[in-house]
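One structure is given below, encoded as structure tokens.
The values are calculated or read from the model by the stated rules, or taken from the named source; none is laboratory data. Note that this is a predicted model, so its numbers are computed, not measured. Quick reminder, even Gly has a Cβ in these numbers, built from the backbone with ideal geometry, and neighbours come from all protein chains shown.
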Amino acid sequence: MPNCRTVRNAWNDRLDGASRPGLDLSTVEAHLVECSGCREYVEGMRLIEQLLAIAPPESPRPLFHAQLLELAESAVREKRGSINGGTRLAMQLSGVAAGLVAALLLTRGVLMPPPDPVPVDESVVAAELSARLPEVLELASAAGIEFVQEASSPAARLGAVVFGSEQPAGPELPSAVHVPLPDSGGMIESVGRRVGGGMKPLAGSARKAFDFLLGPVEPEAEPTHPGRGA
Amino acid sequence: MDDRALVDAIRSGDPAAARALVERFDAVVFGLCVRMLRHRQDAEDVTQETFLRALRGIRGFDGDRPLRPWLLGIAANRCRTSLSRRGRRPATIEAPEEAVDHRPAPSSGDDLAAELQSALERLRPDYRLVFTLFHEQAMPYEEIAQVLGRPVGTVKTWLHRARGELAEHLARRGIRCP
């Protein structure tokens, strides 16, 4: 004859859709005849089954269901929009940054072709750029701010699409294809992409982008602690 | 559209796929939330949060897995967070567990459904969650274990205790099989 624990476990197994191997159900029935505690337990299990059958889970209200559908749709649109907008902004910034650098180099004569074709001395170029680095950074930062301002208008329009409010059409972002690039602009493009790739903060990104022109950075001296050592 | 195709469509930014996700699963997610939170407005909030989290995080979801346990897992976690926040609020007055209940035993189906809800409310949240996932969402032990991050044995123990406590409460209320 099984004990109370075995009987109750067997009943739970039945509810779980499993059967306890090696257990003779007739012995369970015999136990239930004799044990009022287990009879009550089994009665409770049957009651739970019946209550579950007559008390299905509540359904969402039709209005909430409709709102949720709209919200889900908007969330996907917003996500797609933000990815496209982010890519577009990065491309714009890359182009403009490259253009800025190119224009600076060309107008200041750093890369202007000399009367007689002579090879460009890269160390001279690097020295010139290093000397003008603050000016380059200032221009790049100003361009970054201007383009963040430009980007706020498409973002507002995206918000209008998502939330359904009407907004006046804003100006189009300037296109990178209008930015003049020199033929031998591989290096400049690279600089532009690096500047355009990081906007937070732009000055820091630009500084990193121009690191290769500044040469190796001297490691900072270890801070000294007057109170230690001596 | 199967789960895999639905996930791919959402990842590609198809708004119709996001609607399909809600159409397919909002009843089960809401059903779990309302059982767990016992409050329709809170359940709607958590259901909404669950879908937004799922849509935002779907790029990191393993598309070879079924969606339903994943969504219910998010919902279960949000419900637990919501309950823990609620627990930090000033306590509401509740009837003591062993107090004598003088209310008449229910007779209609609606009353019996309310009795089950009331009995479920008295379970600790983990037991209630396991009971609801198993009996109302028909999730197998293994999936519940994944949702909760607990061993299957623990899930089984909690479910059996939940049933036992429910049965005891219903017996105290004098409720018998209809």
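Odds and ends about this structure:
- Inter-residue pairs, beta-carbon under 8 Å, first within 11 Å of chain B (Cβ to nearest Cβ) and closer than 16 Å to A:Val42 by Cα and in segment A:4-26, second assigned to a loop (DSSP other than H, G, I, E, B) and modelled with pLDDT under 85, 6+ apart: A:Asn9/A:Arg20; A:Asp13/A:Ser19; A:Asp13/A:Arg20
- Looking across segment B:143-164, just one residue is over 16 Å from A:Arg5 (Cβ atoms), within 12 Å of chain A (Cβ to nearest Cβ) and surrounded by fewer than 17 Cβ atoms within 10 Å (Cβ to Cβ), and that is B:Val152.
- Scan of segment B:4-17 for residues that are in a helix (DSSP H, G or I) and either basic (Lys, Arg) or surrounded by fewer than 17 Cβ atoms within 10 Å (Cβ to Cβ) (or both), ordered by number: B:Arg4, B:Ala5, B:Asp8, B:Arg11, B:Ala16
- The set of residues from segment A:60-77 being within 9 Å of B:Arg19 (Cβ to Cβ) and charged (D, E, K, R) comprises A:Glu70, A:Glu73.
- Criterion (outside any helix (DSSP H, G or I), more than 10 Å from chain A (Cβ to nearest Cβ), under 26 Å from B:Phe25 (Cα atoms) and at pLDDT 90 or above) met by exactly one of B:Leu123, B:Leu129: B:Leu123
- Among the residues of segment A:27-76, just one is surrounded by 14 or more Cβ atoms within 10 Å (Cβ to Cβ), more than 7 Å from chain B (Cβ to nearest Cβ) and not in a helix (DSSP H, G or I), namely A:Cys35.
- Residues (within 11 Å of another protein chain (Cβ to nearest Cβ) and free of Cβ contacts under 8 Å to residues at least 40 places away in the same chain) located in segment B:1-23: B:Ala9, B:Ser12, B:Gly13, B:Asp14, B:Pro15, B:Ala16, B:Ala17, B:Ala18, B:Arg19, B:Ala20, B:Val22, B:Glu23
- Hits in segment B:24-36 (condition: more than 9 Å from every other protein chain (Cβ to nearest Cβ) and surrounded by fewer than 22 Cβ atoms within 10 Å (Cβ to Cβ)): B:Arg24, B:Phe25
- Condition check for B:Pro66 on (1) in contact (Cβ under 8 Å) with a residue 24 or more places away in the chain; (2) under 22 Å from A:Glu70 (Cβ atoms); (3) more than 9 Å from every other protein chain (Cβ to nearest Cβ); (4) not acidic (Asp, Glu): one failure, at (2).
- Looking across segment B:48-60, the residues that are surrounded by 21 or more Cβ atoms within 10 Å (Cβ to Cβ) and more than 7 Å from chain A (Cβ to nearest Cβ) come down to B:Thr50, B:Ala54, B:Ile58.
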